[in-house]
Amino acid sequence: MSRDFIYNGSPAHIVFGEGKSAAAGEWAEKLGCNRALVLSTPQQKADAEALAERLGPLAASVFTGAVMHTPVDVTERAMEVVRQTKADCVVSLGGGSTTGLGKAIAYRTDLPQIVIPTTYAGSEVTPILGQTEGGRKTTVRHASILPEVVIYDPALTLGLPVGMSVTSGLNAMAHAVEALYARDRNPISTLMAAEGLRAFKTSLPDIIAKPRGPDARADALYGAWLCGTVLGTVGMALHHKICHTLGGTFDTPHADTHAIMLPHTAAYNAAAVPELLAPVADIFGGSVGGGLWDFARQIGSPLALKDLGLTEADLDRASDIATENPYWNPRPIDRQSIRALLQDAWEGKRPA
Ligand code: NAD
């Protein structure tokens, strides 16, 4: 087996532990900042305001308008607040939507970011920003986008509803599964991916049994860090391409789309690289696709694209879009195979 690889460690500071979000102000000061703009979605306004309260004079303002897919008009409204308040850093409290807004500001200003993630999406450890304008989602990768400090505080995830915990966890697992066969994988990304999958295999059923259990919440957040890190360091393939197409064109919910598609895309690629996906079969039992599907069903995940409101005609269009520009995947892609894969995911069939 070839041992050739290139490895680049991330320069971000990762802080992990119960109650550690209380140190956000100290981290802002370490970054040389004293005018933080706190960001959140409207749903997490109360938590953002409480955080600003704790930051005291270090908080310049709070902007609670973050929404899914980082629309450019929302970023422009937030940028107005950055200018008015002369903010010198952003503190993003929330899931991938809030992190996305913080990244969009950093991309335009190079302001440092402190992120306190409250879902398992993993955006906080990637230098990637997806933003939407005029109904089109584009992705940029730049060093200024990678947050400088990430504080993983499981206490802030105790209230993440069980259904969202499940889909967000499966969303994270999809990063790890694709990292296992990534063309530019390295020994560390492979170790992190397998460890991330193991963390979710035990923590998601435990969260269902006891949603406010601190140990399971900490394990899931640990999995989110591992899976997000590999998303940020190696290339993704078929799975992310299809989910990007479905989310971008049909506005399907991000985490649910990943959760439904994962067993199908993994099964498709397992036919080409079974040895690389062996850790998935080991961890979840049985075949790669079947094992993931059984796990998703066990934890109550949505299983069928039709339940997200997609029609069979949408599948035709999605197959065209997902195959119009060639990209690397461990198994060759053609329109007919992708259409068949989408049909199975639409019906909610268990992959073999
Ligand atoms: P989200 O951030 O939109 O959160 C979903 C909802 O849950 C929001 O209303 C949010 O306020 C709420 N919420 C979050 N945490 C909560 C908690 N602990 N308790 C109660 N409510 C909570 O969803 P997401 O799945 O985390 O992020 C999706 C977005 O992130 C998409 O736009 C996706 O494209 C992006 N993303 C980007 C990357 C990247 O590397 N660029 C990676 C993953 C996801």
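Just to verify a result, which residue in the stretch 159-176, among those that are assigned to a helix (DSSP H, G or I) and of a type in the set (A, V, I, L, M), is nearest to the ligand (Cβ to nearest atom)?
Met164
List every residue pair whose Cβ atoms sit under 6 Å apart, with the two residues 6 or more apart in sequence or on different chains, where the first one lies in the stretch 155-173 and is in contact (Cβ under 8 Å) with a residue 24 or more places away in the chain and the second, anywhere, is near the ligand (Cβ under 10 Å from one of its atoms) and among the aromatic types (Phe, Trp, Tyr).
Matching pairs, first to second residue: Ser168/Tyr120; Gly169/Tyr120; Ala172/Tyr120.
Quick one: Ile151 ticks every box in (1) within 10 Å of the ligand (Cβ to nearest atom); (2) of a type in the set (A, V, I, L, M, F, W, C); (3) within 17 Å of the chain's Cα centre (by Cα) except a single one, so which number is it?
Among (1) within 10 Å of the ligand (Cβ to nearest atom); (2) of a type in the set (A, V, I, L, M, F, W, C); (3) within 17 Å of the chain's Cα centre (by Cα), the lone unmet condition for Ile151 is (1).
How many residues, within the stretch 241-266, are within 12 Å of the ligand (Cβ to nearest atom) and closer than 23 Å to Asp282 by Cα?
Pass one, the stretch 241-266, residues within 12 Å of the ligand (Cβ to nearest atom): 243-244, 246-248, 251-259.
Then keep just the ones that are closer than 23 Å to Asp282 by Cα; that gives 258-259.
Residues in the stretch 241-266 being within 12 Å of the ligand (Cβ to nearest atom) and closer than 23 Å to Asp282 by Cα: 2 in total.
Quick one: is Arg183 within 26 Å of Ile114 (Cβ to Cβ) and in a loop (DSSP other than H, G, I, E, B)?
Values: within 26 Å of Ile114 (Cβ to Cβ): no; in a loop (DSSP other than H, G, I, E, B): yes.
Here the answer is no, as Arg183 does not meet what is asked.
Just one of (1) closer than 26 Å to Tyr120 by Cα; (2) assigned to a helix (DSSP H, G or I); (3) not polar (S, T, N, Q) trips up Gly286, so point out which.
(2)
Scanning for something in a helix (DSSP H, G or I), within 13 Å of the ligand (Cβ to nearest atom), farther than 19 Å from His142 by Cα and not hydrophobic (A, V, I, L, M, F, W, C), does the stretch 3-20 turn up at least one residue?
No, the stretch 3-20 contains no residue that is in a helix (DSSP H, G or I), within 13 Å of the ligand (Cβ to nearest atom), farther than 19 Å from His142 by Cα and not hydrophobic (A, V, I, L, M, F, W, C).
Among the residues of the stretch 82-139, write down those that are buried (at least 24 other Cβ atoms within 10 Å of the Cβ), more than 13 Å from the chain's Cα centre (by Cα) and within 8 Å of the ligand (Cβ to nearest atom).
Selection gives Lys103 alone.
Any residue that is at pLDDT 95 or above, more than 16 Å from the ligand (Cβ to nearest atom), surrounded by fewer than 22 Cβ atoms within 10 Å (Cβ to Cβ) and not in a helix (DSSP H, G or I) - is there at least one of those in the stretch 37-56?
No, the conditions are met nowhere in the stretch 37-56.
Just to verify a result, which residue in the stretch 191-200, among those that are more than 15 Å from the ligand (Cβ to nearest atom) and without any contact (Cβ under 8 Å) to a residue 60 or more places away in the chain, is surrounded by the fewest Cβ atoms within 10 Å (Cβ to Cβ)?
Leu191
How many residues does the stretch 258-287 hold that are free of Cβ contacts under 8 Å to residues at least 60 places away in the same chain and buried (at least 23 other Cβ atoms within 10 Å of the Cβ)?
Total meeting the criteria: 1.
Could you check how many residues of the stretch 321-346 are surrounded by fewer than 13 Cβ atoms within 10 Å (Cβ to Cβ) and either of a type in the set (A, V, I, L, M) or farther than 24 Å from Pro274 by Cα (or both)?
Residues flagged as surrounded by fewer than 13 Cβ atoms within 10 Å (Cβ to Cβ) and either of a type in the set (A, V, I, L, M) or farther than 24 Å from Pro274 by Cα (or both) within the stretch 321-346 amount to 2.
Take the stretch 57-71 and flag every residue that is in contact with an Asp or Glu (Cβ under 9 Å, 6 or more places away or on another chain), within 15 Å of Cys89 (Cα to Cα) and either within 16 Å of the ligand (Cβ to nearest atom) or outside any helix (DSSP H, G or I) (or both).
Matches in the stretch 57-71: Ala59, Ala60, Val62.
Any residue in the stretch 294-317 that is under 22 Å from Val162 (Cα atoms) and surrounded by 16 or more Cβ atoms within 10 Å (Cβ to Cβ) sitting within a Cβ distance under 7 Å of a residue that is hydroxyl-bearing (Ser, Thr, Tyr) and at pLDDT below 95? List the pairs, counting only those 6 or more apart or interchain.
What qualifies is Leu308/Thr252.
The values are calculated or read from the model by the stated rules, or taken from the named source; none is laboratory data. Keep in mind it's a predicted model, so treat the numbers as computed, not measured. Glycine gets a Cβ as well: all are built from the backbone with ideal geometry, and neighbour counts include every protein chain shown.
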